[in-house]
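The structure under discussion appears below in the form of structure tokens.
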């Protein structure tokens, strides 16, 4: 028997409150809204739409988006920094591109925003000293460009280190804009 949206949400809250504490907090306060569910998962979106849904040139972008796993999201929530990693760990200038990675594994999409008086990330990243001449620019994908924050990303992880430093200094803020949570049995 297929559950109604209310039954699916109630089941999630009753059986997964400890596992998805932050997400359920946002659901209960109306900050995350139901989108749909199936037998395996239930999807939510922010009640405030993403600020940048289509491509924005990297040299103008104030909002950046990243699709990440539940464990990466928990790390961000608990420590206000992103996990380092061996992968590319990209951030994109628009929600639509980041959402193309949305899956049961990459279940959370986060919007990052540089605060008003901070330099744009593009200029910050290009200003990193590599000791190897002029650094390469962003990756030309995602209808605006992406920067990799992981070890195989921009400047071998230096961009990720700088990004985390800006998060710690609150020059970049973040919020959850979408999530897909497993529906308990």
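Observations on the structure shown:
- Test: residue in region 132-147 that is under 22 Å from residue 32 (Cα atoms), within 17 Å of the chain's Cα centre (by Cα) and outside any helix (DSSP H, G or I): no
- Cβ pairs under 6 Å, 6+ apart, first in region 105-130 and part of a helix (DSSP H, G or I), second surrounded by fewer than 18 Cβ atoms within 10 Å (Cβ to Cβ): 122/59
- None of 48, 58 is surrounded by fewer than 12 Cβ atoms within 10 Å (Cβ to Cβ) and either within 21 Å of residue 76 (Cα to Cα) or touching a helix residue (DSSP H, G or I) at 6+ places or on another chain (Cβ under 8 Å) (or both) except 48.
- Residues within region 75-86 that are part of a helix (DSSP H, G or I) and either in contact (Cβ under 8 Å) with a residue 24 or more places away in the chain or touching a helix residue (DSSP H, G or I) at 6+ places or on another chain (Cβ under 8 Å) (or both), tallied: 2
- Test: residue in region 93-108 that is farther than 21 Å from residue 182 by Cβ, surrounded by 16 or more Cβ atoms within 10 Å (Cβ to Cβ) and in contact with a helix residue (DSSP H, G or I) (Cβ under 6 Å, 6 or more places away or on another chain): no
- Qualifying residue in region 87-96 (condition: over 12 Å from the mean Cα position of the chain (by Cα), assigned to a loop (DSSP other than H, G, I, E, B) and not assigned by TED's automatic domain parsing to the domain that holds residue 19): yes
- Residue ID - surrounded by the fewest Cβ atoms within 10 Å (Cβ to Cβ), chosen from residues in region 1-35 that are touching a helix residue (DSSP H, G or I) at 6+ places or on another chain (Cβ under 8 Å) and part of a strand (DSSP E or B): 34
The values are calculated or read from the model by the stated rules, or taken from the named source; none is laboratory data. Predicted, not measured: the structure shown is a model, and the values here were computed from it. Positions of Cβ are generated from backbone atoms using ideal geometry, with glycine treated the same way; all protein chains shown enter the neighbour counts.
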